[in-house]
1. Over the alpha carbons of the stretch 288-363, what is the largest minus smallest coordinate on each principal axis, giving the biggest first in Å?
2. How far is the Cα center of the stretch 170-194 from the Cα center of the stretch 312-363, in Å?
3. One-quarter of the Cα convex hull surface for the stretch 52-148, in nm²?
4. In a GNM of the chain with a 10 Å cut-off on Cα contacts, which of 67, 332, 287 has the highest mean-square fluctuation?
5. Based on the alpha-carbon gyration tensor of the stretch 176-231, what equivalent-ellipsoid semi-axes (square roots of 5 times the eigenvalues) come out, in whole Å, largest first?
6. Report the Stokes-Einstein translational diffusion coefficient (µm² s⁻¹, integer) for the stretch 209-278, Rh taken as the Kirkwood radius over Cα pairs, at 4 °C with viscosity 1.567 mPa s.
7. Quick one: Kirkwood hydrodynamic radius for the stretch 91-155, alpha-carbon pairs, angstrom, one decimal?
8. Grab the DSSP H runs of the chain that are 4 residues or longer, score each as -39,500 (n - 2.57), total them, divide by all residues and round the 222 nm result to the nearest 500 deg cm²/dmol.
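Read-outs: derived from the displayed coordinates by stated rules, not from any lab. Here the structure is a predicted model, which is why all the values come from computation and not from measurement. No Cβ is skipped: glycine too gets one built from the backbone with ideal geometry, and neighbour counts run over all protein chains shown.
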Amino acid sequence: MKPYTKLLALFFSVAFFVSCGNADDDVNFRLNTGDGLGKGKEVDDCLGLGENDLVLSIQEQFTTLPGKVSILFKVSDADQNPISGLTADQFTIYEQGRNDDCFNTISTSESLARISPNSQIFSNNTLLVLDLSNSVLSSSLTELKSASISFVDNVMPDTPVDSFKMAIYWFDGENELHLLNDLTTSKEELTMAINGITDDISNDPSTDLYGAVIKSTDKASELLTASTQGDKIGAASVVIFTDGTDQASRFTKDAAQQKVDEADPNISFFTIGLGGEIDTQVLTDIGKTFSVFAGNKEELETTFNDISIRVSERANSFYLFEYCSPKRDGSGENNLAIQVKTGNKQGAVQTKFDATGFTGGCE
C-alpha cells in the first residue's frame, strides 16, 4: 500500500467528526468549500507577497519518503470562480526551516516540481439529468441529443481516467428517475446511450421536475458517499435540463429547494432551461452554482456548452502539486508556502510538513 493511502486509510474512521490533535493535524475527507484556505492559512508577512487575487484552498497533504511533498488544493478567484489549466511553472515554492528567519525560494526545476494526476486521491462524478417529457420528445429531441453529446464531449476526458465519471438519467411524469446510462469513464458509452433515445421512450407525457431534483440530489449524495470511501476525496455535479415547469405536482417546490439547499456542499447544481414556459427564478434557485437559458432549440447546444465549461473548469481546478523537498532528516516540522501566478493575478497559501526521515533520491 502506498504511503499516502496508508495515511488516509488510517484516519478514515475519524475523518468526518473527530479531531486528531491540533487543528493543523485534522484529517477531513470532505472538500473544503467556500472562499477559505481549507487546511492552509495566510502567508507570513515576511514574504511580502501582497494581497491575494486568487484563493488556494488546501484539501489534503501528505509526504512520501525519501522526500516528496504532495498537496491537493483547488484554485479559484476572489468570486469563487474556478481556475483551471495551471501548470507547474506557474507555482513558486517557499520553505522555512527552524533555522530560517523567513522563507527561502525553492527552485521548481531542481525540486522536480510537477502537477500530477489527482486521480490518486480525488473523484469527481457528474449526473446529467434530462427532461424527456412529451414537449421535448415532440419538438426538440434532435437538438437535445446533439447538445447532450456535445456536453459529454466537453466534460469527459478523451482518455478515460478513474477520477472523472458521468451518469445520465431522465425524467417525465412518472415517480421515477430513469437511468439512461450508469456511471462510467467512457465518453463513447455515454454518446451511444444518448443516440439511443427515441421519441417513444416515455410513457407519461407530464413533467415531474421537482421529483427529478429530489431524486437526482439523493443519487449524487449516494455517489459522493461511495466515491469517498477509503482513500478518496470527492465532489459531484448535478446538471438538470428542462423545457418547462413542474406539471405532475407530486412534490412541492419548497421540498425540492430544501433538498438542494441542504445537500452536501461538495455537490454543485447546474440548470439549463429551454423555451418560454420555464420559470427562470425556480431554475436559478435550483441551479445555485450556475444556470443558463435558451430561448429556442437552436440555442440549446450553446447553452449546454456554457454549462459544460463551468462543470469542466470546476473539476479541473483541483491540483495535486508535488515536489522534492531539500529538507532532511532531523529538520522536523517546516513551514511551506505556495504561490501561483496567472496573468496579472496571484495568490498564496501557507502550511507545514514534517521532514523526519527525508533523504536524497526523491524523483
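1. Each principal axis gives a Cα extent; for the stretch 288-363 these are 67, 25, 24 Å.
2. Cα centroid to Cα centroid, the span is 40 Å.
3. Projected over every direction and averaged, the Cα hull of the stretch 52-148 covers 10.4 nm².
4. Between 67, 332, 287, it is 332 that shows the largest mean-square fluctuation.
5. Its equivalent ellipsoid spans semi-axes of 25, 19, 6 Å.
6. 99 µm²/s
7. Answer for the stretch 91-155: a Kirkwood hydrodynamic radius of 17.2 Å.
8. Roughly -7500 deg cm²/dmol at 222 nm, from the helical runs in the chain.
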